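Worksheet for the structure shown next.
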Amino acid sequence: MDVVAVTVEDISMVTKEDIFKGDLYMKIAIPVLDGALANTNISPSFGRAPFFLLFDTETEEKQFIANSTATASQGGAGIIAAQLIVDQGAEALLTPRCGKNAAEVITAAGVKIYKTVSDDIQESIQAFNAGELKELENIHPGFHHHGGA
């Protein structure tokens, strides 16, 4: 799904079909370091991020969900984390990096993956809303054998 940024000047070009098919608003997921702090930073690791922030761009509602199953797993953390955000209804993922297996689960569900601009949540959300984030192209092979974050 493409994100459509709308200004007051071009609001007349928005059709009812655009609104009803959900092109203007969406739920985004962001891997974060702490689920208790509103000003927490983006986690450098997708699969082993301790929490995910789910952010609704329409209502600006924030929900933190624990990624405890993935972080405790011996392997496949990225796949488990990917399924978690898909199951939560995320339509976009903002992350600094993502492994191949996780990316396959995410994109198969129709979720787009965007590269964050920094470790600041608000800055990345603003860049996303402005259409300034680029899709994540550098998908790495993953950190298998518990190699690191």
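Values for this structure:
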read-out: Stretch gain in nm, segment Asp56-His140, where the contour uses 0.36 nm per residue and the Cα spacing is subtracted; value: 27.5 nm
read-out: Magnitude of the charge dipole, the stretch 42-107, Cβ model with Lys/Arg +1 and Asp/Glu -1, debye to 20; value: 460
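Only the coordinates and a few stated rules stand behind these numbers; no lab work does. Given the structure is predicted, the values throughout are model-derived calculations rather than measurements. Heads up, the Cβs are rebuilt from the backbone with ideal geometry, glycines too, and the neighbour counts pull from every protein chain shown.
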